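The values are calculated or read from the model by the stated rules, or taken from the named source; none is laboratory data. Since the model is a prediction, treat every value here as computed from it, not as a measurement. Every residue, glycine among them, receives a Cβ derived from its backbone with ideal geometry; neighbour counts consider all protein chains shown. We work out accessible area using only protein heavy atoms, side chains counted, and drop any ligands, DNA or RNA first. Shrake-Rupley method; radii C 1.70, N 1.55, O 1.52, S 1.80 Å.
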Amino acid sequence: MALLEISALDAFYGDFQALFGASLRLDTGEALAVIGSNGAGKSTLLKALTGLLPARADAIRFDGAAIGGLPASEIMKRGIAMVPEGRRLFPSLSVEENLLIGGWGRTGTGHWSLESLYRLFPVLKERRHSPGTALSGGQQQMVAIGRALMSNPALLLCDEISLGLAPVVVRDIYGALPAIRAEGTAVVLVEQDIVQALAVCDRVICLQEGRVTLEGEPADLTRDAIQRAYFGR
Amino acid sequence: MTTLVDIVLQGVLLGGLYALFAAGLSLIFGVMRLVNLAHGDLIVLAAFLMLALTRVLGLPLPVAALLCLPLMFAIGYALQRLVLDPVLGKDILPPLLTTFGLSIIIQNGLLEGFSADSQRLSGGGVETLSLPLGGGLAIGLMPLLTFLAAILVIVALNRLFYATALGRAFRAVSDDPEIARLMGIDNRRLFAVAMGLALSVCAVAAFFLGMRSNFDPTIGPARLLFAFEAVIIGGLGSLWGTLAGGVVLGVAQTAGAALNPEWQLLAGHLVFLAILVARPRGLFPRATD
Ligand SMILES: Nc1ncnc2c1ncn2[C@@H]1O[C@H](COP(=O)(O)OP(=O)(O)O)[C@@H](O)[C@H]1O
Ligand SMILES: [Mg+2]
């Protein structure tokens with residue numbers, strides 16, 4: 001059975017429609033890359049999925065239940081955690097408090113705790129009493145990922161975690177992915193960096209102007225097909 | 001010299017009362033960016049609640065006061081869920097108008113129920129006790145207890161905010177409500193708890209207000225003004241700053257009153273304005289904001 005099934009999902013900002021009948025499915029433990037140019041609707045998809053935007057109830061099924069349009073706090077409790085675009089750490093919380101707050105609604109049963117996260121990202125342990133926003137961009141991204149993992153989610157959503165980071169730092173961040181997936185967590189990876197995304201994911205979908213224009217496994221997709229789906233030409 | 005020391009001493013202690021008025025206001029603004037214009041009236045409401053508990057049920061005042069803590073918490077929780085939540089949003093005007101309306105409703109409700117007569121909470125004589133400090137100085141027991149209560153309330157709120165999971169959630173919601181929801185935080189429930197806490201602090205303030213001076217249903221807005229001034233002088237978002245703000249206001253008023261009894265309030269307002277001009281963000285502004 002699919003862990004997540006999105007079917008014919010529309011999403012709006014007021015009168016403006018940002019998603020048109022988007023569909024996708026994801027199995028337990030699977031990693032899906034969502035690619036697409038700026039403004040394609042990738043973040044909108046994640047916002048609808050996490051309850052930050054309204055959605056038709058049965059457009060989103062998670063673990064067998066229709067969860068579209070539930071309050072964000074309720075959806076999180078069912079096991080979907082998000083690393084939001086731009087990291088969005090809480091400025092008045094220390095690094096450790098940012099991590100702890102990630103487990104407010106759900107601690108789940110699983111591997112992730114302060115100790116295991118400090119093992120995954122040792123630098124965070126050294127900086128644990130600093131304000132979250134005092135860290136470098138890469139370290140902040142580690143906190144944002146750790147914060148989401150603290151709930152031991154069944155599904156982790158990452159919105160452009162490489163954005164604005166130096167390549168070496170991106171390599172560090174992506175280096176944590178195998179350890180995360182090893183716990184059986186399914187991952188949706190939103191990326192503009194196609195090469196990066198294809199290298200680590202089992203499947204990929206491409207969004208363009210709010211529509212899914214391509215779906216497949218990285219090995220089966222030609223450069224041309226991706227380019228057409230991405231740019232529409 | 002003795003007069004000067006006396007003025008400062010009395011002023012500092014008066015500042016404790018103002019800090020108690022202000023703590024709840026500051027808490028609510030900090031957590032949900034809501035300016036509660038009914039805050040003063042809610043303090044007066046709590047005072048009348050104590051009065052009613054002593055008169056109608058015949059409870060001793062300390063028991064009535066303690067009982068008011070959970071009662072005011074419940075009132076705050078319900079108020080937030082039923083009245084304020086529906087109007088909280090991006091636009092700050094609807095909640096402001098709602099609390100303004102609430103202020104009028106509370107005043108008129110109290111007038112209806114208790115008449116316009118001046119009331120007082122009677123502590124059976126403790127109100128008039130004072131401690132001689134030597135050299136002609138003395139401080140009243142009630143002002144001293146008020147000041148100690150203010151410190152206690154601020155220490156407790158600070159511990160709650162900075163050393164508990166609930167406080168962490170309060171700060172997270174205040175920083176970024178959208179992301180807080182992604183952490184599984186139910187903003188609405190949390191706001192209701194915050195309002196409950198704020199009104200419990202109102203009950204503490206009401207106890208000391210009612211013991212120290214007369215009150216009637218219309219004095220709420222003036223208490224709100226003192227609370228505002230204390231918060232602004234101290235700097236938004238810092239509870240110790242609020243105590244400092246209350247002390248500055250208290251000393252200014254006491255000094256003004258010593259020069260001319262009619263200048264008490266005027267002196268307070270002038271010092272408030274002077275500080276606003278010199279340090280628009282208050283004496284102890286929060287670093288991040
Ligand atoms: N808060 C918003 N209000 C109105 N329109 C928005 C908002 N956020 C995004 N949009 C619009 O929705 C479309 C999709 O945006 P988004 O999902 O953020 O794209 P992506 O994440 O793929 O870069 C864009 O046209 C964008 O301008
Ligand atoms: Mg985006």
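What the table below lists for this structure:
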read-out: Length-normalised contact order for chain B - Cα pairs under 8 Å, 6+ apart - percent; value: 36 percent
read-out: Kyte-Doolittle mean at least 1.6 and Cα axial length at least 18 Å: DSSP H helices in chain B; value: B:2-32, B:39-56, B:61-79, B:141-163, B:264-278
read-out: Three-way shape call for segment B:1-139 based on the alpha-carbon gyration tensor, with the a/c threshold at 1.5; value: oblate
read-out: Rounded accessible area of A:Ser43 (nearest 10 Å², 1.4 Å probe); value: 20 Å²
read-out: Scattering curve values for the protein assembly as shown, log₁₀ I(q)/I(0), Debye with Cα scatterers, q = 0.05, 0.07, 0.09 Å⁻¹; value: -0.27, -0.50, -0.74
read-out: Accessible surface of B:Leu197 - all protein chains present, 1.4 Å probe, nearest 10 Å²; value: 40 Å²
read-out: Minimum 50 Å² accessible area buried by the other protein chains, segment A:88-131 residues, probe 1.4 Å, relative to alone; value: A:Arg88, A:Phe90, A:Ser92, A:Glu97, A:Ile101, A:Trp104
read-out: Average projected area [Cα convex hull, segment A:1-103], square nanometres; value: 7.5 nm²
read-out: Proximal lysines relative to A:Lys47, as straight alpha-carbon distance under 27 Å, when same-chain residues fewer than 8 apart are discounted; value: A:Lys77, B:Lys90
read-out: Over chain B: helical MRE at 222 nm, DSSP H runs n ≥ 4 each giving -39500 (n - 2.57), nearest 500; value: -24500 deg cm²/dmol
read-out: Amide hydrogen neighbours beyond the local backbone of B:Leu121, cut-off 5 Å, H modeled; value: B:Met211
read-out: Centroid-to-centroid separation of segment B:46-115 and segment A:71-91 [C-alpha atoms, Å]; value: 35 Å
read-out: Cα gyration tensor shape for segment A:79-201, rounded if a/c is under 1.5, else prolate or oblate; value: oblate
read-out: Solvent-accessible area lost in complex, 30 Å² minimum, residues of segment B:182-213 relative to chain alone, 1.4 Å; value: B:Leu182, B:Met183, B:Gly184, B:Ile185
read-out: For segment B:159-188 and segment A:4-33, distance of Cα centres in Å; value: 29 Å
read-out: Selected from B:Ala222, B:Gly256, B:Trp240, residue furthest toward positive end of dipole (segment B:187-285; charges at beta carbon); value: B:Trp240
read-out: More than 33 Å apart - percent of Cα-Cα pairs taken over chain A; value: 13 percent
read-out: Low-density loop positions, trypsin sites (Lys or Arg not before Pro), segment B:41-102 - DSSP coil, at most 11 other Cβ in 10 Å; value: B:Lys90
read-out: Prolate/oblate/rounded call for segment B:209-289, Cα gyration tensor, a/c under 1.5 rounded; value: oblate
read-out: Dipole in debye (nearest 20) - segment A:43-125, about Cα centre, beta carbon charges: Lys, Arg +1; Asp, Glu -1; value: 120 debye
read-out: Carbon and sulfur %, accessible surface of segment B:1-143 computed with the full protein complex present, 1.4 Å; value: 72 percent
read-out: Probe 1.4 Å, protein heavy atoms only - accessible area per residue of the protein assembly as shown in square angstrom; value: 43 Å²
read-out: Size of the A/B contact, given as accessible area buried on both chains, probe 1.4 Å, in Å²; value: 2000 Å²
read-out: Share, in percent, of DSSP beta bridges within the protein assembly as shown that are antiparallel, nearest 5; value: 55 percent
